[in-house]
Structures are given as structure tokens and as C-alpha cells.
Amino acid sequence: MTPEMLRILTDPQALQDPERLKAFRAQQEREMRRRVLGSLRINSLIMTSIGLLAFTVGTTVALLAVLSPAAIGGVSPIAGILPIGIGALFFVAGRRMASPASRSLLTSGVPGTAVVREVKSLTRNMGVKIPGVSATAGLVTCALTVTVQGRELDVEHRELILGSDLRYLMVGSSVAVRCAPNDPSKLAFDWDAMS
């Protein structure tokens, strides 16, 4: 428990300060978002790595069985099919869980705004449970009109978001974004600027 959380829970004066409560809630939301998306990134990396490893092992077994059956004890090339299949499954699942938005854009990107023209889809809802946090995440596809550095352009953007952040993506609403300096069509939602 953080000192600020303890103060808000135990100090009657802190409960009377709406700005303090608002700042505390925003900080809690940012921390939850960071933990959940970080967990998804780690899971994606692990699953993708396991998939590549299994695929490589399966391919190696199949090739050795064809090229030099005596080297691996006369194993059939079919023995490589199971690791190849498992590897492909893990790789695809890991890549589907990966967030298309680059974390580097959030630190080095140019700030801008985007008006939501249409929310085209929300797919791949997945539950995330880590100690102290239970959340859902999904891949959203939006049609946006982005304004950055005096330029305005229409962009279709896909990003993995938390279910609780969907409230910011109402049609007609303006959201904070960070864009690549040389290509404003590459962007990430700047959730911390919105909470």
C-alpha cells in the first residue's frame, strides 16, 4: 500500500479534497494499465519464443530424418510435425497477443490529438489476472482524424487496449495520441494524458 493510498483511506481531510482523490484515481489507473499491458507483453514474448523454439526443433528433426536418418536413430520425418504444429500455434497466439502500439512512441513521439470517427471493431477480448489486478483487454480498430504539428490526416489505427479505456473512444470524442515524428500515421493512444 502506498503512503498516498494509506492517507486517503485513513485521513478524513484527504477524503474531502476532490482534486487529491482525482489525482489518486488517475495514478491508480495508470499503474494498473502499466501492469496489465506489461504482463501481456511478457506473455507475448514468452509464447512467441516458445513457438519459434518448437518450430525450429520440429523442422530440424524433420530435416535430419530426411537427410540423415541414421544420425537420429531412424526417426520418421513425421516426428517433426507435432513440434512444428505446436510451435506455429504458440507463435501465432503470441503475436496475436502483442500490442501493435510501440512503447517508444509514448516516450519519443510527437503529441497530438485524434478525433474518433468510427470504432470499427473490438476483438480478442482476453482476461488478465495478475496479483491485485483483474482486467480485460482487446484489440480495437478505429478510424481517426489525427491532428499533429498543424497537419490533419485520416488514419485507421489498431491497438491493444484495456476494457476500461474503451470509454475514451466514443465517436466524436477527442483523444490524446503520440505520433512518430516522420510518419504521423504511426501512433499510440496516450492514455496517461487522458486519465
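Brief remarks on what is shown
- Against the criterion of being in contact (Cβ under 8 Å) with a residue 24 or more places away in the chain, out of contact with any helix residue (DSSP H, G or I) (no Cβ under 8 Å at 6 or more places or on another chain) and farther than 30 Å from Val148 by Cα, Ser39 qualifies.
- Test: residue in segment 133-149 that is surrounded by fewer than 16 Cβ atoms within 10 Å (Cβ to Cβ) and aliphatic (A, V, I, L, M): yes
- Among (1) under 22 Å from Ser134 (Cα atoms); (2) surrounded by fewer than 17 Cβ atoms within 10 Å (Cβ to Cβ); (3) at pLDDT 80 or above - the single one Ser44 does not satisfy: (2)
- Of residues in segment 140-181 being in contact with a helix residue (DSSP H, G or I) (Cβ under 8 Å, 6 or more places away or on another chain) and charged (D, E, K, R), the one farthest from Ser108 (Cα to Cα): Asp165
- Of the criteria (1) surrounded by 15 or more Cβ atoms within 10 Å (Cβ to Cβ); (2) under 21 Å from Ile42 (Cβ atoms); (3) hydrophobic (A, V, I, L, M, F, W, C), which one Val92 fails: (1)
- Test result for Leu64, under 30 Å from Ile86 (Cβ atoms), free of Cβ contacts under 8 Å to residues at least 12 places away in the same chain and in contact with a helix residue (DSSP H, G or I) (Cβ under 8 Å, 6 or more places away or on another chain): yes
The values are calculated or read from the model by the stated rules, or taken from the named source; none is laboratory data. Remember, predicted model here, so these are calculated numbers, not experimental data. Using ideal geometry, Cβ is built from the backbone for each residue, glycine included, and neighbour counts are taken over all protein chains shown.
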